[in-house]
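Please read the structure below before turning to the comments.
The values are calculated or read from the model by the stated rules, or taken from the named source; none is laboratory data. What you are looking at is a predicted structure, and each value in this text was computed from that prediction instead of being measured. Note that we place each Cβ from the backbone using ideal geometry, even for glycine, and neighbour counts take in every protein chain shown.
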Amino acid sequence: MMNNLLTAMFVVAAAWATYTDLKHRRIANWLTFGAAGAALAARLVMGGPPALLDGVEGWLAGVGILLIPFVLGWMGAGDVKLLGAFGALGGVDFVVQSALYGCILGGILAVAFLIREKKLWFVLSNLFIYIRHPLGSVLEAKRRMPFGPALAAGAALSMVIARGAA
């Protein structure tokens, strides 16, 4: 579980990433690398090398979880780096749980996005083709749904659940 400083850093990073991803469809490197670097520095100062190692492992886990979806073109690099930053802030267990909740929330948001864009039936009717050919998708849209807000909401939910269990 995060202490108050890391929690405040998370809130700022998650809010700013959500805003920029919704408005500009980008999550800036200075935000993701800055949040991760600040988290690792705070961990080192407050908890020494063991806390730093936990943050590094969290960053690696966060990046690792979304690396294959990024390589397949399913999400942007900013999403990968954002989850890495969340891992640096909260550690491995936190980032795994955050990714799970973020993906569930992202799926719900994707259905809502497809309904709003009037493309749900098209996607469902061509799902088999998309699954068989994910790299050459006939479903490629001109507009993509931002995934950063789902990751931020998943991490926030994970934090709320962790604090409630403590």
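The set of residues from segment 93-108 being surrounded by fewer than 21 Cβ atoms within 10 Å (Cβ to Cβ) and closer than 14 Å to ASP79 by Cβ comprises CYS103, LEU105.
Kindly check whether there is at least one residue in segment 146-164 that is over 25 Å from ASN29 (Cα atoms), modelled with pLDDT of 90 or more and surrounded by fewer than 15 Cβ atoms within 10 Å (Cβ to Cβ). Before the answer, list the steps.
Applying the first criterion (over 25 Å from ASN29 (Cα atoms)) to segment 146-164 yields 160-164.
Among the residues that remain, those that are also modelled with pLDDT of 90 or more are: 160-161.
Narrowing the set further to residues that are surrounded by fewer than 15 Cβ atoms within 10 Å (Cβ to Cβ) leaves 160-161.
Among the residues of segment 146-164, at least one is over 25 Å from ASN29 (Cα atoms), modelled with pLDDT of 90 or more and surrounded by fewer than 15 Cβ atoms within 10 Å (Cβ to Cβ), which makes the answer yes.
Of LEU40, LEU52, LEU66, LEU5, all but one fail to be without any contact (Cβ under 8 Å) to a residue 40 or more places away in the chain and farther than 19 Å from PRO149 by Cα; the exception is LEU52. If you go through segment 15-30 and pick out every residue that is touching a Leu at 6+ places or on another chain (Cβ under 8 Å) and buried (at least 20 other Cβ atoms within 10 Å of the Cβ), you end up with 2. Please determine whether any residue of segment 57-68 is more than 15 Å from the chain's Cα centre (by Cα), farther than 26 Å from ARG26 by Cβ and modelled with pLDDT of 95 or more. The answer is yes; a qualifying residue exists.
Quick check on this structure: which one of ALA112, ALA38, ALA99, ALA42 is small (Gly, Ala, Ser), closer than 30 Å to SER125 by Cβ and over 14 Å from the mean Cα position of the chain (by Cα)?
Numbers: ALA38 fails: closer than 30 Å to SER125 by Cβ; ALA99 fails: over 14 Å from the mean Cα position of the chain (by Cα); ALA42 fails: closer than 30 Å to SER125 by Cβ.
Criteria check complete, one pass: ALA112.
Residue-level analysis places VAL80 outside the set of residues that are under 19 Å from ARG163 (Cα atoms), at pLDDT 95 or above and aliphatic (A, V, I, L, M).
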